[in-house]
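The values are calculated or read from the model by the stated rules, or taken from the named source; none is laboratory data. Not measured: the values here are computed from a predicted model. Cβ: placed from backbone, ideal geometry, glycine included. Neighbour counts: every protein chain shown. Just so you know, the surface numbers come from the protein's heavy atoms only, side chains and all, with ligands and any DNA or RNA stripped out. Shrake-Rupley method; radii C 1.70, N 1.55, O 1.52, S 1.80 Å.
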Amino acid sequence: MTTYKLPHPKDFESKLHGKNTHLITLTNRAGMQIALTDYGARLVSALVPDKNGNLIDVVLGFNSIQGYLEAKEVYHGASIGRFCNRIANGKFALDGKEYSLDQNNGTNCLHGGATGFHTRVWDRQVSFNKQVDFYYVSPDGEEGFPGELKTTVSYELNNENEIIIKFRATTNAPTVVNFTNHAYFNLNGEGNGDVLNHVVWINTDEFLPLNENQIPTGDLYPVEGTAFDFRTPKVLATEINSPEEQIQIANGYDHSFANKQPISEPIASAYSKESGIELQVFSTEPSIHLYTGNFLHEDEGKSGRKYLRYGGLCFEAQHYPDSPNQEKFPSVRLNPNEVFESEIRYKFNIKK
Ligand code: BGC
C-alpha cells in the first residue's frame, strides 16, 4: 500500500518570472490536508481519509515546481483563466471589435492560451491555516483579451472535508471571463491505475454535443438513451468506449453538461468502492465539464508512477465553452463596475 504524504515545501521554493513560488498547506479538524502552490494558483494534493482511516492523496500532480514545469500536461490542479475551455478559431467579437487569441489547440484557443493563468505566479495571503487567497492582475491585451482583469481565487478547507474555491474578477473595459479548476481526481489514490471503476453520477438531463474540433454545436441534447446519461450512477467504464459519435470525437468523455442545480445541491459525484471515498461537486456555474484524462501523456506523478490515459477525472465547473461566439449560451461578458463571482465546492465523504 502506498503511504501518501504532502510534498516538501522546500521543493516548491523557486523563482519564476521574478516572483517567488511556495507550497502552502491547510489542515482541518477531520484530518484532511491539502497543499496549494501560487504557481498557477493550483491544488497540488488533497489527503483524504479512506474507509480504513488511511490518508489517500486523491489529486494528481507533482512533488516540485520543477515537476510542474517539465510536465507535458500543464493544467494539473490549476486555476484556469481568463477563459477556460475552447474558443473556436481563437477569435471572438465584442461591441463590433474582433479579438484574436492564442491558437494553442489546433485552431482553438484552449484554457486562456499557452500563457494562461495556469502559468502565472499569483500573490497570496494565508489566513489561519484555513484559507488562502491568490491574486493576479492580467494586463489589458494579455493573450489577446481586452481589459485589465483583477482576479482573486480563494481556497478554503472546512471541517466538513470540503474544498471551497471562489473566483472573483473585475475589469476596466468590457471583456469575457470563464474560470474553472482543473484538478484531476483519482479516488483510489493518484498514480494508482485509472478511474474507470469509479461510479459517476451527473444530475442533469442535457449535455452539449461537440463538432469535430471539440467546439459545442450550439445545441443542448437530451442525455436520455446516450452514453452521457449519468442520472442513475454508472461505472465510468460502461460506455467510455461506446461507438457513439460524441464519444469517438473526444476519445472518451470531454463534454459539458447543463447545471441547473443551486450551489446547495450537488451536480455530480464520483465514488470508488476500493477506497470508500466519494467526491461531490457543487457549483454556481451553468455547466459541469467531465474530462476523463483521455489525453494524459504519461507524466510521472508524485508517487513516481505514470499518469496513464484515464488516470484521473476532472469535474470542471464553468460557463459553456465557446460562449463568446454562441448567442444562445449564457453570457460571459464582464463590464467595468461589475464583479464576477463564482464558486466550486469539492466535498469528500466516506461511504462504507
Ligand atoms: C479539455 C481537454 C483538454 C484538457 C487539457 C480539458 O479541460 O476539455 O480537451 O485536453 O483540458 O489537458
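For the stretch 282-296, the condition of being over 14 Å from the mean Cα position of the chain (by Cα), more than 16 Å from the ligand (Cβ to nearest atom) and surrounded by 20 or more Cβ atoms within 10 Å (Cβ to Cβ) holds for none of the residues.
Looking across T37, T25, T2, T21, one residue alone is open to solvent by 30 Å² or more (accessible area, probe 1.4 Å), modelled with pLDDT of 95 or more and among the hydroxyl-bearing types (S, T, Y). It is T25. Yes or no: the stretch 310-321 includes at least one residue that is surrounded by fewer than 20 Cβ atoms within 10 Å (Cβ to Cβ) and either within 16 Å of the ligand (Cβ to nearest atom) or free of Cβ contacts under 8 Å to residues at least 24 places away in the same chain (or both). No, the stretch 310-321 contains no residue that is surrounded by fewer than 20 Cβ atoms within 10 Å (Cβ to Cβ) and either within 16 Å of the ligand (Cβ to nearest atom) or free of Cβ contacts under 8 Å to residues at least 24 places away in the same chain (or both). Annotation: of all residues in the stretch 72-95 being open to solvent by 10 Å² or more (accessible area, probe 1.4 Å) and more than 8 Å from the ligand (Cβ to nearest atom), the one that is farthest from H297 (Cα to Cα) is D95.
Let's see how each residue does on (1) of a type in the set (G, A, S); (2) at pLDDT below 95; (3) farther than 20 Å from I164 by Cβ:
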| residue | (1), (2), (3) |
| --- | --- |
| V59 | no, no, no |
| C84 | no, no, no |
| L94 | no, no, yes |
| Y99 | no, no, yes |
| V121 | no, no, yes |
| V126 | no, yes, no |
| Y135 | no, no, no |
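Taking the stretch 105-124 as the range and being within 11 Å of the ligand (Cβ to nearest atom), out of contact with any helix residue (DSSP H, G or I) (no Cβ under 8 Å at 6 or more places or on another chain) and farther than 15 Å from H182 by Cα as the test, the residues that pass are N105, G106. Among the residues making up the stretch 251-269, those that are among the aliphatic types (A, V, I, L, M) and either surrounded by fewer than 21 Cβ atoms within 10 Å (Cβ to Cβ) or more than 16 Å from the ligand (Cβ to nearest atom) (or both) are A258, I263, I267. With a requirement of 2 or more residues that are within 26 Å of R124 (Cβ to Cβ), the strands (runs of 3 or more DSSP E) lying completely within the stretch 1-111 that satisfy it span 14-16, 19-21, 23-27, 33-37, 42-49, 55-57. Taking the condition part of a loop (DSSP other than H, G, I, E, B) and without any contact (Cβ under 8 Å) to a residue 24 or more places away in the chain, does S264 pass? Here the answer is yes, as S264 does meet what is asked.
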